[in-house]
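Values quoted throughout were computed directly from the atomic coordinates according to the rules given, and no laboratory measurement underlies them. Keep in mind the model is a prediction, meaning the values are calculated, not measured. Counting neighbours? That spans all protein chains shown, and the Cβs are built from the backbone with ideal geometry, glycine included.
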Amino acid sequence: MMRTSLPALLALALGLLSQPVLAERADRDQPVNIEANRVTVDDRNKVHVFEGDVVLTQGTLVIKGAKLVVTQGPDGFQSGVATGSEKRLANFRQKREGSNEYVEGEAERIEYDSRAERARLFNQAHVKSGADEVRGHYIEYDSLSENYLVTNQPGKTETRATGDGRVRAVIQPKNSGTEKSN
């Protein structure tokens, strides 16, 4: 039963965060390994639930969370939700294509929609790429348009939800010597 569902799960794992962060292309050709304390498979509804110290690795991509839920729609597109625990946020790390830099992100919940090619990070969201970083309650990245939206509430353009209602960004000058060519 798991054999017929595994390709769909692996396809999601490949796309879960690799598209939105201009990931190492070679990662797509690497095997996906998922470790968890428990897995539940609902083959009829195309839902896979990994629970307990979940670690997904594929090449340079590493996704960690307390839980990872993968669903496949009737059209074959997958979506995934990685969630953290009370003690630790869900997080990912992946090497960027053509660079020695890594993209890292964390949030209470990370969602990826393979149809829209959109990643959404909710609550305590933080994404760092090299020396650049953004923080907010909500971060959305559209890989088709290569645009970010960072707010303190999903779907809002004004920020009044938490703390001082501000999002934070640090963008380093590209010629400042902060880039490493290791």
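A protection proxy built from the mean count of other Cβ atoms within 10 Å ranks the segments 52-59, 166-173, most packed first, as 52-59, 166-173.
Look at the Cα gyration tensor of the stretch 31-78: its axes a ≥ b ≥ c give a/c of at least 1.5 with a/b at or below b/c, and that counts as oblate.
Express in whole angstrom the spacing between the alpha-carbon centres of the stretch 29-64 and the stretch 67-136. Centre-to-centre distance over Cα atoms comes out at 14 Å.
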